Amino acid sequence: MSSEDYSNIPTPEAAYADFCLIPVGTGSVSVANEVAQVQRLLKASGLKYTMHSAGTTV
């Protein structure tokens with residue numbers, strides 16, 4: 001196990017994150033409700049985001 005100190009890593013001016021929702025153990029392949037909730041959350045956050053066929057980029 002490493003004991004490196006990460007507290008001095010500089011914060012970048014911009015960063016991107018990409019994610020997708022995959023239903024696990026729900027009995028359904030639909031994630032329409034979850035996607036709608038994520039969209040409302042992102043809109044309220046004020047973050048710039050793009051939703052696309054393979055996921056969401058923030």
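Taking only segment 2-58 into account, find how many residues are among the polar types (S, T, N, Q), more than 15 Å from the chain's Cα centre (by Cα) and assigned to a helix (DSSP H, G or I). Before the answer, list the steps.
To start, the set of residues in segment 2-58 that are among the polar types (S, T, N, Q) comprises 2-3, 7-8, 11, 26, 28, 30, 33, 37, 39, 45, 50, 53, 56-57.
Pick out the ones that are also more than 15 Å from the chain's Cα centre (by Cα) and you get 2-3, 7-8, 11, 26, 28, 30, 33.
Still in the list and also assigned to a helix (DSSP H, G or I): 33.
Result for segment 2-58: 1.
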Reported set for segment 25-58 where residues are closer than 26 Å to Glu13 by Cβ and of a type in the set (D, E, K, R) is Lys43, Lys48
For segment 8-21, pairs from a residue that is aliphatic (A, V, I, L, M) to a residue that is surrounded by 10 or more Cβ atoms within 10 Å (Cβ to Cβ) and in a loop (DSSP other than H, G, I, E, B), with Cβ under 6 Å and 6 or more apart or across chains, are Ala17/Val58; Leu21/Val31
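No value in this document is a laboratory result; all are computed from the given coordinates. Computed from a predicted structure; not experimentally measured. Reconstructed Cβ throughout: ideal geometry from the backbone, glycine too, with neighbour counts over all protein chains shown.
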